[in-house]
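Data first, discussion second: the structure below is written as structure tokens.
The values are calculated or read from the model by the stated rules, or taken from the named source; none is laboratory data. Everything numeric in this text was worked out from a predicted model, so none of it was measured. Note that we place each Cβ from the backbone using ideal geometry, even for glycine, and neighbour counts take in every protein chain shown.
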Amino acid sequence: MAVVNPVVRVEIDPLKPVPEICAVIMAVVPYHPGQEEAILRGVQEAIEKRLDKLKGDKSNEQPVL
């Protein structure tokens, strides 16, 4: 019996991070019908956590004199 595994292999151009990341998200979403909103909210939460961490890291920096 055949074993079928959907796999998305991705090559991205790191010089164009935003459109490339968006393209990856849009390539994955069709594999989860009816869950696009949940996926996008999960990505949004991950982004917000990372932004908060970056803000926290900057607050620990020493001022440049």
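Provide a single number: the residues in segment 22-34 that are out of contact with any helix residue (DSSP H, G or I) (no Cβ under 8 Å at 6 or more places or on another chain) and either surrounded by 10 or more Cβ atoms within 10 Å (Cβ to Cβ) or not in a loop (DSSP other than H, G, I, E, B) (or both). Explain how you work it out, then say what you get.
From segment 22-34, those out of contact with any helix residue (DSSP H, G or I) (no Cβ under 8 Å at 6 or more places or on another chain) are 22-24, 26-27, 30-31, 33-34; that's our starting set.
So of that shortlist, the ones also either surrounded by 10 or more Cβ atoms within 10 Å (Cβ to Cβ) or not in a loop (DSSP other than H, G, I, E, B) (or both) come out as 22-24, 26-27, 30-31.
Selection size over segment 22-34: 7.
So, Pro14, is that one in contact (Cβ under 8 Å) with a residue 24 or more places away in the chain, in a loop (DSSP other than H, G, I, E, B) and exposed (fewer than 10 other Cβ atoms within 10 Å of the Cβ) or not? I'd like the intermediate steps shown before the answer.
Details: in contact (Cβ under 8 Å) with a residue 24 or more places away in the chain: no; in a loop (DSSP other than H, G, I, E, B): yes; exposed (fewer than 10 other Cβ atoms within 10 Å of the Cβ): yes.
For Pro14, the condition - in contact (Cβ under 8 Å) with a residue 24 or more places away in the chain, in a loop (DSSP other than H, G, I, E, B) and exposed (fewer than 10 other Cβ atoms within 10 Å of the Cβ) - is not met.
For segment 50-62, state whether one or more residues are at pLDDT 95 or above and under 15 Å from the mean Cα position of the chain (by Cα). Within segment 50-62, one or more residues are at pLDDT 95 or above and under 15 Å from the mean Cα position of the chain (by Cα).
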